[in-house]
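The values are calculated or read from the model by the stated rules, or taken from the named source; none is laboratory data. Being a predicted model, the structure only gives us computed values, none of them experimental. Cβ coordinates were reconstructed from backbone atoms using ideal geometry, including for glycine residues, and neighbour counts include every protein chain displayed. These area figures cover heavy atoms from the full protein model, side chains too; ligands, DNA and RNA do not enter into them. Shrake-Rupley method; radii C 1.70, N 1.55, O 1.52, S 1.80 Å.
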Amino acid sequence: MAQLQTNTHDVLLRNAELLTGKVALLGVSEPALLAHCPQPGLAMSEHAGVYEQLCQHANWQACFGYQCHEQDAGSFDTLVIFLPKARAELELRLAMARYLGREGASLVLVGEKKEGIAGAVKQFTAVVADALKVDSARHCQVWTGTNHQPLSRFDLTDWLRWTQVSCAGVSLDVAGLPGVFSEGELDAGTRMLLETLEQTPLKADKVLDFACGAGVIGSWLQGYRRDQGLPLGVVDGVDVQAQAVACARETYARAGAEGQIYASDGLAGIQGRWPAVVTNPPFHSGVKTDTSMTEQFLREVAAHLAPRGEVRLVANSFLPYESVIQRFIGPVEKLAQDRRFTVYRAFNRAIR
């Protein structure tokens, strides 16, 4: 039996006999899993980079996030639900599984102890009356049950929640979905970044918001310019997560904001240059601190900056970004700082 790097995927293969009939895998994080499954089916990931790799597997139907097709409803015999990082997202993933699964289909929940599988089982048993633990290995648990309550409708827009946030006199409605960063509030780091955009405005009329989340920065920036009687300009956004991309597009639409929202793993799938790039980048992978995404962004962003273009970044003050910014972009200035967050500004030293 092949051994994969992801514990949950490896444990699923230990129980490959569960994968009967037409299979849907919801929440795939290691695309190599597909090559070891008994037969092809549907593979879903909300991560843009993983999704692109899933698309390369012949005979498999790749799905980006929770935008499934009506023709797939009730057509799967086995639904594997990998435990998502955010507990709130599990309800969404279970609903998708119940919609895609036929009456009597097998539902399989797989998760690690450190991800909170014990608590997740309570959510699973609430909709799966005959839930049963069938394996426990590599710090993971595997539970199965029957889809006795299939759903006749599953539409991501039904899960949208709206929150009004305000900063520096500008208010806007922000779309939220389970699993999106800072759903239901304006996080303190973004607030500090927005305050510097009021106090020290960008001179650029075309901006890229990297790791845009629900589209707060772009919508706020254009709302602020509108209030000041200035041209709105364009603020494009990019994010790796399917729910964030969906939320950003909804937030932009309600705010009347101008700009394209792209799904991409970092800057790899983005073409073009911008006079300014702003970002409140993530620094967690699950429960662990992980700065690799931001460090990769800082290595690559100069190629997407116009000559003398500006990067403005907010991050937790303990993270060692200043030297990385200095190395790959140019001299660094701190526009704001407290014990929790620092807003950095740097201008692209490259002139070509």
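Scattering from the C-alpha atoms of the range 71-230 alone, worked out with Debye: what is log10 I(q)/I(0) at q = 0.09, 0.10, 0.21 1/Å? One equal scatterer on each Cα of the range 71-230 leads to -0.45, -0.53, -1.24.
Computed packing ranks the peptides 205-216, 80-91 as 205-216, 80-91, most packed first, by mean other Cβ atoms within 10 Å. Other residues within the sphere of radius under 13 Å centred on the Cβ of Phe328, judged by their own Cβ, net out at 0 (K and R +1, D and E -1). Net length available on complete extension from Gln61 to Glu198 is 44.7 nm, with 0.36 nm assigned per residue and the Cα-Cα distance removed. The residues of the chain expose on average 44 square angstrom of accessible surface per residue, using a 1.4 Å probe on protein heavy atoms.
Listed peptides 11-21, 94-104 appear in the order 94-104, 11-21 once ranked by packing, highest mean of other Cβ atoms within 10 Å at the front. Positive-end ranking of Gln326, Asn316, Gly259 along the dipole of the chain, with charges on Cβ about the Cα centre, is headed by Gln326.
With the charge dipole of the chain set up from +1 on Lys and Arg Cβ and -1 on Asp and Glu Cβ about the Cα centre, the Cα lying farthest toward the positive end among the listed residues His9, Gly272, Leu160 is that of Gly272.
Of the chymotrypsin sites (Phe, Trp or Tyr not before Pro) found in the range 307-352, the ones in coil according to DSSP and having at most 16 other Cβ atoms within 10 Å of their Cβ are Phe318. Both numbers refer to the Cα atoms of the range 106-160; Rg and Dmax are 12.9, 37 Å.
Hey, could you grab the Kirkwood Rh for the range 62-153? Inverse mean 1/r over distinct alpha carbon pairs, Å, one decimal. So the Kirkwood estimate lands at 13.2 Å.
Estimated from helices alone, the mean residue ellipticity of the chain at 222 nm is -8000 deg cm²/dmol (sum of -39500 (n - 2.57) over DSSP H runs with n ≥ 4, per residue).
From most to least packed by mean Cβ count within 10 Å, the peptides 263-275, 302-314 give 302-314, 263-275.
The Cα-based radius of gyration of the range 297-352, divided by its Kirkwood radius, gives an Rg/Rh of 0.98. Dividing the convex hull volume of the alpha-carbon atoms in the range 172-319 by its residue count gives 109 Å³ per residue. Put one equal scatterer on each alpha carbon of the range 1-155, apply the Debye formula with no solvent term, and list log10 I(q)/I(0) at q = 0.17 1/Å to two decimals. These q points yield log10 I(q)/I(0) values of -0.92. Summing +1 for each Lys or Arg and -1 for each Asp or Glu among the other residues whose beta-carbon sits under 14 angstrom from that of Thr342 gives +2. Our summary of shape: the Cα atoms of the range 221-307 have principal axis extents of 42, 32, 21 Å, ordered from largest down, in whole angstrom. With the charge dipole of the chain set up from +1 on Lys and Arg Cβ and -1 on Asp and Glu Cβ about the Cα centre, the Cα lying farthest toward the positive end among the listed residues Ser136, Ala58, Leu298 is that of Leu298.
Give the total of Lys-Lys pairs in the chain with Cα-Cα distances below 21 Å; include a pair only if its members are 8 or more places apart or on different chains. Count of close lysine pairs: 13. (i) 66, 45, 34; (ii) 57, 51, 43; (iii) 59, 38, 38: which one is Cα extents along the principal axes in Å as calculated from this entry? From the options (i) 66, 45, 34; (ii) 57, 51, 43; (iii) 59, 38, 38, the structure gives (iii). Starting from the Cα gyration tensor of the range 14-89, take the square roots of the eigenvalues, sort them a ≥ b ≥ c, and report rounded, prolate or oblate (rounded when a/c is under 1.5, otherwise prolate if a/b is larger than b/c, else oblate). Cα axes put the range 14-89 in the rounded bin.
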